[in-house]
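Student: One structure is given below, represented as structure tokens, and several questions about it will come after.
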Amino acid sequence: MDQELQQVVRDAELGERLADKLVKIYRTDGEESWILVHLEIQSQEESNFAARMFTYNYRIYDRYKRSVASLAVLGDERSNWRPNQFGYNLFGCTVEFTFPIVKLLDYQQRQSELEASRNPLATVVMAHLKAMETRDDRIERKQQKLVLVRRLYEQGLRREDVINLFGFIDWMMTLPAQLEEEFWQEYRDFEESLSMQYVTSVERFGIEKGKLEALLKGIALGLKLKFGKSGQDLFPEIESIQDVSLLEAILEGIDTASTVSQLRQIYQ
């Protein structure tokens, strides 16, 4: 219900804040009713995250007058950051809002469970964790990326599922140009050993194009939120960059740079 969600965002007058998905689902017990599930995926600590969850929950309820389940997936690196409630008490009026969270970092202690699971989301979580673990060791990242990709074939997944999960792994675990070429060569050798080809050159191009577009979209939003107009003026310089690893460095640099000039030093 993405179009409906955009209307909710406009109605809520929340400025630059974004919700990920608004989904209508149907119960399996035959009951003719529908509920709304609001899912937030948050990869960085945010001081007002719980308040934002509350705001979206009541705005969605206000618009549709239906029960709303707000759920959060936390992909940050701080083990103690676990926002799951918002509320206040004033003159006997009490507001209490709690919501379930999934902390991806917790699965670092459940690697064997993830490896044994055939649930596609296990692969998603593993890719996320390995991307964090290998942030400063790209050679190890290449090896772990190959391990995850081989696992897709070993699970006997459908070709379409392999391609979709492959694209996610490739997007999460970006590599410098030279290591990226080494990865693709080793991947092609692996496919040849199995006498099957799932990811064609056309599909590889689509995966790489999607990765570039996602990074540029994230950079554009980050520049606007962090630096305002001066950040937006900088984006045309960055938009022409085709190096995925450099774009990834720029995206990470937005968080630490204090000025546009400091950010520009990353790619000039």
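Student: Is there a residue in the range 30-40 that is among the aliphatic types (A, V, I, L, M), touching a Gly at 6+ places or on another chain (Cβ under 8 Å), at pLDDT 85 or above and not in a helix (DSSP H, G or I)?
Tutor: Taking every residue of the range 30-40 in turn, none turns out to be among the aliphatic types (A, V, I, L, M), touching a Gly at 6+ places or on another chain (Cβ under 8 Å), at pLDDT 85 or above and not in a helix (DSSP H, G or I).
Student: While we're here: Could you figure out which of (1) in contact with an Asp or Glu (Cβ under 6 Å, 6 or more places away or on another chain); (2) in the same structural domain as A50 (by TED's automatic domain parsing) isn't true of T134?
Tutor: (2)
Student: Name the residues in the range 24-54 that are of a type in the set (S, T, N, Q) and surrounded by fewer than 18 Cβ atoms within 10 Å (Cβ to Cβ), would you?
Tutor: Residues satisfying the conditions are T28, S33, S43, Q44, S47, N48.
Student: Counting only residues that are in a helix (DSSP H, G or I), at pLDDT 80 or above and among the small types (G, A, S), which one in the range 213-247 is nearest to E46 (Cα to Cα)?
Tutor: Taking the candidates together, the pick is G222.
Student: While we're on this one: Can you give me the number of residues within the range 41-73 that are touching an Asp or Glu at 6+ places or on another chain (Cβ under 9 Å) and in a strand (DSSP E or B)?
Tutor: 6
Student: Would you check if R66 is modelled with pLDDT under 90 and among the basic types (K, R)?
Tutor: When the stated conditions are applied, R66 passes them.
The values are calculated or read from the model by the stated rules, or taken from the named source; none is laboratory data. Quick caveat, the model's predicted, so the values are computed rather than measured. Heads up, the Cβs are rebuilt from the backbone with ideal geometry, glycines too, and the neighbour counts pull from every protein chain shown.
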